[in-house]
Amino acid sequence: MAYKGNNFIVKLDGTAIAGVRSNEIQSGADVIEVSSATQQQWREFIAGRREWSLNVSYLVMASTGLADLLTVGTLFTIDVTDRTGTVTASGTAILKVCKQTATRGNLVQGSFQFQGSGPLASVSV
């Protein structure tokens, strides 16, 4: 069975981000080229250091509004949970970018870009 996006909840320091429209979490690893004594025609690589990031699109709530813009550079504990509240992954990240778009006649939309600082760890239940 497929996992639905509305079951994916991101919490900052234990509080769910309100008005979330979409979440995008990404992890990656560097690759390091190595030389081979047995293979000269094809490049070989080993895995290097890892990183992760999270982008969240949300509707700006009247209660927080422009105050979200002032939290850039802040270190947050991020928990990824499902609707039952079960934490599946957790890590620490820096809020790298906060962007808000206010179009006349439409709801104000915002986005957060978090850069992981340290591991994104699986939480066993």
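Please treat every number below as a calculation from the coordinates, not as lab data. Predicted model only: the values in this text are computed from it and were never measured. Every residue, glycine as well, gets a Cβ built from its backbone with ideal geometry; the counts of neighbours run over all protein chains shown.
Simple spin-label model, 7 Å along Cα-to-Cβ: Gln39 to Ala18 in nm? With each label placed 7 Å out from Cα toward Cβ, I get 5.4 nm. Each residue of the range 30-43 is assigned a 3J(HN,Hα), and the resulting list reads 6, 10, 10, 6, 10, 8, 10, 6, 9, 9, 9, 8, 10, 6 Hz, derived from the Karplus form 6.51 cos²θ - 1.76 cosθ + 1.60 (θ = phi - 60°), x at Gly and Pro. Between Ser117 and Lys96, the simple spin-label model (points 7 angstrom out along Cα→Cβ) gives 1.4 nm. Sequentially through the range 71-80, phi angles give Karplus couplings (6.51, -1.76, 1.60; θ = phi - 60°) of 8, 4, x, 7, 8, 10, 8, 10, 10, 9 Hz, Gly and Pro residues having no value and appearing as x. Taking a point 7 Å out from the Cα of Arg83 in the direction of its Cβ, the residues of the range 1-43 whose backbone N falls within less than 11 Å of it are 4-8. Histogrammed with a bin width of 5 Å, the alpha carbon distances of the range 21-76 distribute as 4, 12, 13, 15, 12, 9, 8, 7, 6, 6, 4, 3, 1 percent, first bin at zero. With q set to 0.13, 0.20, 0.23 Å⁻¹, the log10 of I(q)/I(0) for the range 1-107, from the Debye formula over equal scatterers at the Cα positions, is -0.64, -1.12, -1.36.
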